[in-house]
C-alpha cells in the first residue's frame, strides 16, 4: 500500500492482523513474499475468480492463469480497474508492484516477460489471494 494513501477498505493494524494471520499479514500489509513453490495456488487451475484476501475484491480470472514455472501463481491479465501499479526499486531491482485498488494490499509484481499475447506475468503470492470457484 502506498504511504498515506487512503483506500475504500481501511482497518487498523490490529484488525488486519486478527483477520489475516501472520503470513498473509506479512505479505499483504508489509510487502513480504512467500517462498517459491510453497503457495497453495501455484499449481491450482480450477475455474473461478482469485480475489484479494484482505478485502475480497476480485482481481484475476482463472482463464488468465498459466504455469510460469517461477514458483508463484501467474496471470497474464488482471480484471480492469482492480490493481494499482507502483514502482518498486527495492532489493537493487526495478520492478512494478501490484496492489489491490480497494485495500492497498500487496499482491506481488508484474513483469513484461509473459508467454501469452499480453506479454505480462502477474506474479502473485498465494497468501494474498483467495479462490472463489465458478458456479458454471
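Details
- Across the range 82-136, the number of residues qualifying as within 17 Å of residue 35 (Cα to Cα) and more than 11 Å from the chain's Cα centre (by Cα) comes to 1.
- For the range 1-30, the tally of residues that are part of a loop (DSSP other than H, G, I, E, B), touching a helix residue (DSSP H, G or I) at 6+ places or on another chain (Cβ under 9 Å) and either exposed (fewer than 15 other Cβ atoms within 10 Å of the Cβ) or at pLDDT below 95 (or both) stands at 1.
- Scope the range 90-102; condition at pLDDT below 95, more than 18 Å from residue 68 (Cα to Cα) and outside any loop (DSSP other than H, G, I, E, B); matching residues: 90, 91, 92
- Of note, residue 39 satisfies the criterion of being closer than 26 Å to residue 67 by Cβ, surrounded by 19 or more Cβ atoms within 10 Å (Cβ to Cβ), in contact (Cβ under 8 Å) with a residue 60 or more places away in the chain and in contact with a strand residue (DSSP E or B) (Cβ under 9 Å, 6 or more places away or on another chain).
- Residue list for the range 123-136, restricted to those being out of contact with any helix residue (DSSP H, G or I) (no Cβ under 8 Å at 6 or more places or on another chain) and in contact (Cβ under 8 Å) with a residue 24 or more places away in the chain: 123, 124, 126, 129, 130, 131, 132, 133, 136
- Hits in the range 103-136 - residues which are assigned to a loop (DSSP other than H, G, I, E, B), at negative phi and surrounded by fewer than 21 Cβ atoms within 10 Å (Cβ to Cβ): 112, 113, 114, 115, 116, 117, 118, 120, 134, 135, 136
The values are calculated or read from the model by the stated rules, or taken from the named source; none is laboratory data. Model, not experiment: these values are computed from the prediction. For neighbour counting, all protein chains shown are included, and Cβ atoms are generated from backbone atoms with ideal geometry for every residue, glycine included.
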